[in-house]
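J.: Before I ask anything, here is the structure I am working with.
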Amino acid sequence: MSRSKSALRPRYLKLHALLVYAFLFAPIIVLVVFSFNEARSGTTFTKFSTKWYDDLIHNEDALRAFRTTLKVAIVATLVATLLGTLAAFALTRFQFRGRSAYSTLVFISLVIPEVVLGIALLAFFVQFAHMKLGLRTVILSHITFCIAFVVVVVKARLSSFDNRLVEAAADLGATPVQSFLRVVLPLAAPGIAAGAMLAFMISLDDVVITFFTAGPGANTLPLYIFGQLRVGVSPRINALSSFVLAFSLIALGIGAAFSARAAKRGRGGIDATALG
Amino acid sequence: MSRTLADAPPAPEPVEEPPRARRTLPEWLKANLLLLPTAVWFLALLVIPMLIVIQYSLARRGIIKPVRFSWSNLQWHNYQDALGSRFLRIFLRSIYYSAATTIACVALGFPLAYWIARFTGRLRNIFLVLVIIPFLTSYLIRMYAWQFILQRDGLLNDTLGALHLGNHHVFLNTSFAVILGLTYGFLPFMVLPLYASIERMDPSLVEASYDLGHGKVSTFFRVIVPTVAPGLVAGTLLVFIPATGDFVTPELLGGVKTQMFGNTIQDQFGSGQNWPLGSAMAVVLMAFILIGVYVYLRRVGEDAL
């Protein structure tokens, strides 16, 4: 026993883990630290300063891009969560012909390289649908790549779902609609919340597909940063990046709290059914 | 179909029927109704766009419109160009970078996942969340962080200079920088599925292997690796596929000599203005990925996904 233990859990694993975590976090920490550096260039930390943040607050372009990003992410998340959840329900709760065809579509939208989807949507919007590139095309594109993530997450949650709960609800006289709203939905809620959160984060970050499908007036924040980065490194971008990092972490925290609450309610649902 | 649709509203029923019989919509119809919005969406914004790309890959460059397509004059030479010596080199380079990235992710991620799996409860969740947090922050910004560190008078050169190892190293625009960036970007994709399968592993299997006289190495390859194979498969797919098509990392950390296939596709739709050639490249990339996924899953079994 002790021999297998030492072989299974050697001490160097701890050191390795420590180094990997350092590798994961050091660049982000460096980035944030240097956003408070007064010097315009170079990597010597001269003096603590918040001037790049003052600069950021007065940067109309960046603020407008941030608002655009939020608009896109919120609409895309709502639509993708609705469509993805319906699809996930269908794929897990029913056996029917053509199921694998649907699964294949979801799979393809997951593995398609972003560049390929980007140019395909560009060609579709411009040449086929004769739409002008802008906010509308960006939102449509974001919904397209968000759906599959929602489907996968909600499906994972529903696949551990105990169908006997629905049968029990029906035996107790619940109509299908009632049992859906009061049994199935509360149980799936954590999965739906997690799927929505993932969709929101992915939409918030996307640069490649937006790059191809955005026209004038649809400059999202990642696109704005990407444009600035091609020019070169500057502390201004460090401040902007730190702001984006802070924003996603806060959004993440709110999402996690919400999903923890949903999980609690979901469990409450099981208990109530079991008792009833 | 019309009959079932007509039956859909709860029809007045004989009193002796149990209430469940009111559910008249057949399963397949309910499923298809639920799937209809997503199916229509994917048809319009995934399937049709892909078909357009395939069509464009056989068209000619236009003067007023970007492409001129005619059924009687299919331009197969676009594929010859897409896989001609110049672009083939870039294509192979993309595969080489992605393979190196995948290997680096396994080397870094496997021991980490193994280490996390030894913990229980709260601590384990904290360590997992620490892996996920960087992944949920912007990919673009994480690549910028490396650009900041690797630049000519950046932090890495400063540190090396302080250690008297020279401070004029060139890191940006090298294969090293691109592979490093890709590894950094996709590492969580490897750790999470690996962790999921290691967590399911029964430690008594390892003990049994020792009791039957196998050594550490033999136990590792004959017991541990086969048990975590599903996670390894999922992780490899999740890292290799997006790495092959990535164009942000080579754009920010690489240069002309480290271009990947994604960059050349983007070029054709941007400054290059050769949509048919770019479309042919996109079809090649997509086909490569789909065939790769198919072969890989065949080899290791479809349950792995």
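J.: Could you grab me the full set of residues in segment A:114-141 that are within 14 Å of A:THR210 (Cα to Cα) and of a type in the set (Gly, Ala, Ser)?
T.: Matches in segment A:114-141: A:GLY118, A:ALA120, A:ALA123, A:GLY134, A:SER141.
J.: Can I ask one more? Taking segment B:61-80 as the search range and keeping residues that are part of a loop (DSSP other than H, G, I, E, B), touching a Leu at 6+ places or on another chain (Cβ under 9 Å) and within 15 Å of B:ASN274 (Cα to Cα), which one is farthest from the other protein chains (Cβ to nearest Cβ)?
T.: Per the stated criteria, the residue is B:TRP76.
J.: Related question: Can you pull out every residue in segment B:109-147 that is of a type in the set (Ser, Thr, Tyr), within 23 Å of the chain's Cα centre (by Cα) and more than 30 Å from A:THR210 (Cβ to Cβ)? Working first, answer last.
T.: First, pick out the residues of segment B:109-147 that are of a type in the set (Ser, Thr, Tyr): B:114, B:120, B:137-139, B:144.
Applying the additional criterion that residues be within 23 Å of the chain's Cα centre (by Cα) yields B:114, B:137-139, B:144.
Within segment B:109-147, just B:TYR114 meets the criteria.
J.: Given B:ALA196, B:ALA208, B:ALA243, which one is touching a residue at least 60 places away in the same chain (Cβ under 8 Å) and of a type in the set (Gly, Ala, Ser)?
T.: Details: B:ALA196 fails: touching a residue at least 60 places away in the same chain (Cβ under 8 Å); B:ALA208 fails: touching a residue at least 60 places away in the same chain (Cβ under 8 Å).
Step by step, each of B:ALA196, B:ALA208, B:ALA243 is checked, and only B:ALA243 is touching a residue at least 60 places away in the same chain (Cβ under 8 Å) and of a type in the set (Gly, Ala, Ser).
J.: I'd like the full set of residues that are closer than 23 Å to B:PHE240 by Cβ and in contact with a helix residue (DSSP H, G or I) (Cβ under 8 Å, 6 or more places away or on another chain), limited to segment A:82-106. First the steps, then the outcome.
T.: Let us first name the residues in segment A:82-106 that are closer than 23 Å to B:PHE240 by Cβ, namely A:103-106.
Within segment A:82-106, A:SER103, A:LEU105, A:VAL106 qualify.
J.: When you look at A:PHE34, is it over 18 Å from A:ALA246 (Cα atoms), within 14 Å of another protein chain (Cβ to nearest Cβ), out of contact with any Asp or Glu (no Cβ under 6 Å at 6 or more places or on another chain) and surrounded by 14 or more Cβ atoms within 10 Å (Cβ to Cβ), yes or no?
T.: On the way: over 18 Å from A:ALA246 (Cα atoms): no; within 14 Å of another protein chain (Cβ to nearest Cβ): yes; out of contact with any Asp or Glu (no Cβ under 6 Å at 6 or more places or on another chain): yes; surrounded by 14 or more Cβ atoms within 10 Å (Cβ to Cβ): yes.
Here the answer is no, as A:PHE34 does not meet what is asked.
J.: Here's a check for you: in segment A:42-54, which residue that is touching a helix residue (DSSP H, G or I) at 6+ places or on another chain (Cβ under 8 Å) and within 21 Å of A:SER248 (Cβ to Cβ) is farthest from the other protein chains (Cβ to nearest Cβ)?
T.: Initially, segment A:42-54 is screened for residues touching a helix residue (DSSP H, G or I) at 6+ places or on another chain (Cβ under 8 Å), giving A:43-45, A:52-53.
Remaining after also requiring within 21 Å of A:SER248 (Cβ to Cβ): A:52-53.
Values: A:TRP52: 13, A:TYR53: 16 Å.
Applying the filter and picking the extreme gives A:TYR53.
J.: Kindly evaluate A:PHE180 against the criterion of being on the phi < 0 side of the Ramachandran plot, part of a helix (DSSP H, G or I), buried (at least 20 other Cβ atoms within 10 Å of the Cβ) and in contact with a helix residue (DSSP H, G or I) (Cβ under 9 Å, 6 or more places away or on another chain). First the steps, then the outcome.
T.: Details: on the phi < 0 side of the Ramachandran plot: yes; part of a helix (DSSP H, G or I): yes; buried (at least 20 other Cβ atoms within 10 Å of the Cβ): no; in contact with a helix residue (DSSP H, G or I) (Cβ under 9 Å, 6 or more places away or on another chain): yes.
For A:PHE180, the condition - on the phi < 0 side of the Ramachandran plot, part of a helix (DSSP H, G or I), buried (at least 20 other Cβ atoms within 10 Å of the Cβ) and in contact with a helix residue (DSSP H, G or I) (Cβ under 9 Å, 6 or more places away or on another chain) - is not met.
J.: Okay, moving on. Of these, A:GLY173, A:GLY134, which one is under 30 Å from A:VAL115 (Cβ atoms) and either surrounded by fewer than 24 Cβ atoms within 10 Å (Cβ to Cβ) or out of contact with any Asp or Glu (no Cβ under 8 Å at 6 or more places or on another chain) (or both)?
T.: Numbers: A:GLY173 fails: under 30 Å from A:VAL115 (Cβ atoms).
Testing whether each residue is under 30 Å from A:VAL115 (Cβ atoms) and either surrounded by fewer than 24 Cβ atoms within 10 Å (Cβ to Cβ) or out of contact with any Asp or Glu (no Cβ under 8 Å at 6 or more places or on another chain) (or both) leaves just A:GLY134.
J.: Those residues that are facing chain A (nearest Cβ under 9 Å) and farther than 20 Å from B:GLY109 by Cβ, I need them from segment B:220-248; list them, please.
T.: Once the filter is applied, which keeps residues that are facing chain A (nearest Cβ under 9 Å) and farther than 20 Å from B:GLY109 by Cβ, segment B:220-248 yields B:GLY245, B:PHE247, B:VAL248.
J.: One residue is enough: does segment A:141-164 have a residue meeting the conditions farther than 19 Å from A:ALA76 by Cα and among the aliphatic types (A, V, I, L, M)? Spell out how you get there, then give the answer.
T.: Initial filter on segment A:141-164 (farther than 19 Å from A:ALA76 by Cα): A:155-164.
With among the aliphatic types (A, V, I, L, M) added as a condition, the list becomes A:156, A:158.
The answer is yes, given that some residue of segment A:141-164 is farther than 19 Å from A:ALA76 by Cα and among the aliphatic types (A, V, I, L, M).
J.: Still on this model: Please list, ordered by residue number, the helices (runs of 4 or more DSSP H) wholly in segment B:136-240 having 3 or more residues that are farther than 30 Å from A:ASP206 by Cα. Working first, answer last.
T.: Details: elements: B:139-150, B:155-162, B:175-199, B:203-211, B:216-219.
Qualifying helices (runs of 4 or more DSSP H): B:155-162, B:203-211, B:216-219.
J.: Which of the numbered conditions does B:LEU58 fail, given that it passes all the others? Conditions: (1) part of a loop (DSSP other than H, G, I, E, B); (2) within 11 Å of chain A (Cβ to nearest Cβ).
T.: The single condition B:LEU58 does not satisfy is (2).
J.: Would you mind finding the one in A:SER109, A:SER141, A:SER103 that is more than 9 Å from chain B (Cβ to nearest Cβ), closer than 19 Å to B:MET50 by Cβ and of a type in the set (Gly, Ala, Ser)?
T.: Details: A:SER109 fails: more than 9 Å from chain B (Cβ to nearest Cβ); A:SER141 fails: more than 9 Å from chain B (Cβ to nearest Cβ).
From the options A:SER109, A:SER141, A:SER103, the qualifying one is A:SER103.
J.: Sticking with this structure for a sec: Determine whether A:LEU240 is more than 27 Å from B:PHE269 (Cα to Cα) and either among the aliphatic types (A, V, I, L, M) or surrounded by 22 or more Cβ atoms within 10 Å (Cβ to Cβ) (or both).
T.: The answer is yes for A:LEU240.
J.: Filtering segment A:37-76 down to residues that are among the small types (Gly, Ala, Ser) and over 21 Å from B:ILE149 (Cβ atoms), which residue is surrounded by the most Cβ atoms within 10 Å (Cβ to Cβ)?
T.: Taking segment A:37-76 as the starting set, the residues that turn out to be among the small types (Gly, Ala, Ser) are A:39, A:41-42, A:49, A:62, A:65, A:73, A:76.
Going one step further and asking which of them are over 21 Å from B:ILE149 (Cβ atoms), we end up with A:62, A:65, A:73, A:76.
Working: A:ALA62: 22, A:ALA65: 21, A:ALA73: 24, A:ALA76: 26.
Of everything passing the filter in segment A:37-76, A:ALA76 is surrounded by the most Cβ atoms within 10 Å (Cβ to Cβ).
J.: Checking B:LEU34 against (1) more than 10 Å from chain A (Cβ to nearest Cβ); (2) assigned to a helix (DSSP H, G or I); (3) aliphatic (A, V, I, L, M); (4) more than 22 Å from the chain's Cα centre (by Cα), which single condition isn't satisfied?
T.: With (1) more than 10 Å from chain A (Cβ to nearest Cβ); (2) assigned to a helix (DSSP H, G or I); (3) aliphatic (A, V, I, L, M); (4) more than 22 Å from the chain's Cα centre (by Cα) applied to B:LEU34, the lone miss is (1).
J.: Being within 11 Å of another protein chain (Cβ to nearest Cβ), farther than 20 Å from B:PHE269 by Cα, free of Cβ contacts under 8 Å to residues at least 24 places away in the same chain and in a helix (DSSP H, G or I) is the filter here, so list the residues in segment A:208-237 that pass it.
T.: A:ILE225, A:GLN228, A:LEU229, A:ILE237
J.: Do we find a residue being surrounded by fewer than 15 Cβ atoms within 10 Å (Cβ to Cβ), touching a residue at least 24 places away in the same chain (Cβ under 8 Å) and either of a type in the set (Lys, Arg) or within 14 Å of another protein chain (Cβ to nearest Cβ) (or both) anywhere in segment B:81-101? Explain how you work it out, then say what you get.
T.: Here is the first cut: in segment B:81-101, the residues surrounded by fewer than 15 Cβ atoms within 10 Å (Cβ to Cβ) are B:83-86, B:88-89, B:92, B:96.
Filter once more, so that each one left must be touching a residue at least 24 places away in the same chain (Cβ under 8 Å): B:83.
Restricting the remaining residues to those that are either of a type in the set (Lys, Arg) or within 14 Å of another protein chain (Cβ to nearest Cβ) (or both) gives none.
Taking every residue of segment B:81-101 in turn, none turns out to be surrounded by fewer than 15 Cβ atoms within 10 Å (Cβ to Cβ), touching a residue at least 24 places away in the same chain (Cβ under 8 Å) and either of a type in the set (Lys, Arg) or within 14 Å of another protein chain (Cβ to nearest Cβ) (or both).
J.: I'd like to check something: does segment A:197-207 contain any residue that is at pLDDT 90 or above, under 20 Å from B:LEU46 (Cα atoms) and not in a helix (DSSP H, G or I)?
T.: Yes.
J.: I'm told B:VAL191 meets every condition in (1) touching a Gly at 6+ places or on another chain (Cβ under 8 Å); (2) without any contact (Cβ under 8 Å) to a residue 12 or more places away in the chain; (3) more than 29 Å from B:LEU74 (Cα to Cα) except one. Can you identify the failing condition by its number?
T.: (2)
The values are calculated or read from the model by the stated rules, or taken from the named source; none is laboratory data. Everything numeric in this text was worked out from a predicted model, so none of it was measured. Cβ: placed from backbone, ideal geometry, glycine included. Neighbour counts: every protein chain shown.
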